[in-house]
Amino acid sequence: TLGRDKTEVLCTIGSSDYYLCVSAKQPQLLKELNTAQTMLAAEEPNYLSALNSKYYSVSVMSRAFSAAEKNWLETHNKVEVGYLLDYLPYCDRTKDGQVTGIVKDILPKMFESLGITGVEISYKGYENYDDMVLAVNNGDVDIAFPVGGDLYYSEASGIYQTNTVASSPTELVYKGTLNENSDAVFAVNENNSMQRYFVKAVLRGEADLTTLNGLRAYEILKNRKYSDLSMYPLGIDDARYFGIKIGNEGLLKLLEGSEIEVPVGATSKNAMVPMTTLNTKNILFICGGAFPGLEEIIKERLTRSSLMGFGSSLKDEYDDDPDILTRVKTEDLRKYGMIPEFVGRLPMIFALRKLDRDMLVRILKEPKNAILKQYQKLLELDEVKLDFDDSALEAIAEQALERDTGARALRSVIEEFMLDIMYEIPKDDNIGQVLITRAYIEKTGGPVITLRGAQTPLLADHGRSEE
């Protein structure tokens, strides 16, 4: 009832367990599977742990930089780090103005490990968390440290968390005796900012309980003025991260369902254009694209699962699979380059079928501004009726399929055989109708031409050049 701005994330509820499912009509199969898993657990107790370590490792650091990383290194010779003051052991500033704490030690070591030279690291201290996050969004600093809380609040603040830099158990801080059966006032932070000074509220009696990051708790409570306070470990890790600006936080908020400002009656951003508030909560967003190269990522995942044994997959098994995109999973999209926050907001992922001949024929005929209708309208200006028989449309679609560039190939095919007609037909005032046939498309004959007032059509080439 208090809302998100008066809450704190202590732990995540739920699991990511996977199960084998069988039909309810096959209880014997279920029994055999359960027996097999029991035997596996007894004979190889570390098997599942080995799989988890192999396929769900925490992070991988590589010195082979991506194109985006190389571009950043080439265009930057300095990185500005924003940090919190009075937040040891993570970060602080000494009396003589020197930066101290984890932030001072870890960044130079990371750059050294990656072989990055020629990049100067500078530091800027902030009194509170909100000012530091705002500095990241404004571009005053490149990195914020430490960033805490869950992913939702980081996204809402426009920053993206890195892998864990440091983690320690969460400590419950209280004064006097801890009684689990009594009501208590719990001091929490607004908008899930990292807690700093609530221990003073507990010490003064304004609150009964609060939580602290384990490393911070040790640093603070070793002061004698906090000797009346006690700690109780909760057994829940409290991690700290580096924070960087999200490049498309506007899109993330839009997909999340929120109120955003959009220009009225304009297609481009302009300071003079009036804005209106749009609530995207009940809007269905459909995102699509071609994603060249995604097929190779899917193939790699499918073939790496089993390369040896009787049930193994051949390395080229999926090379000619026309429906390879239907096997896409979220892990493929993440490897392709989409950030998890974006993929997570699109719960349904599916692949469109590749255009076939019948679909291409419909594209030629049915749209309001179909390309066939455009040519017919142009020849109507010269009082000439242009028609296509069904076999001609099928021949156009077949040639477009051979070019393998989708519906775009239709225009190039049509322009190729309509060029002579558009130039030659208007020169002859006696022509009243032109019928395009399959023979003309396949260059084995000409169009069927009917003269004005004539009953019998003529077969003509009308100057079409042969290749």
Spelling it out for TYR126: with amide H atoms placed in the peptide plane at 1.01 Å from N, the residues 5 or more places away or on another chain with amide H under 5 Å from its amide H are TYR83, LEU84, LEU85
Given H placed 1.01 Å from N in the peptide plane, which residues other than close sequence neighbours of ILE236 have an amide H under 5 Å from its amide H? THR170
Ranked by how many other beta carbons lie within 10 Å on average, peptides 200-207, 392-399 from highest: 392-399, 200-207
Would you mind getting me the FRET efficiency between VAL119 and ILE260? Use the beta-carbon distance for r and R0 = 30 Å, nearest 0.05. 0.25
Which value in nm describes the separation of the simple spin-label points at ASN71 and MET275, placed 7 Å from the Cα toward the beta carbon? 2.7
Loop only by DSSP, 16 or fewer other Cβ within 10 Å of the Cβ. Give me the chymotrypsin sites (Phe, Trp or Tyr not before Pro) in segment 350-451 that pass, ordered by residue number. PHE350
Quote to one decimal, in nm, the extra length available between LYS109 and LYS25 on full extension: 0.36 nm per residue of separation minus the C-alpha distance between them. 24.3 nm
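Only the coordinates and a few stated rules stand behind these numbers; no lab work does. Keep in mind that what you see is a predicted model, and the values were worked out from it rather than measured. Cβ coordinates were reconstructed from backbone atoms using ideal geometry, including for glycine residues, and neighbour counts include every protein chain displayed.
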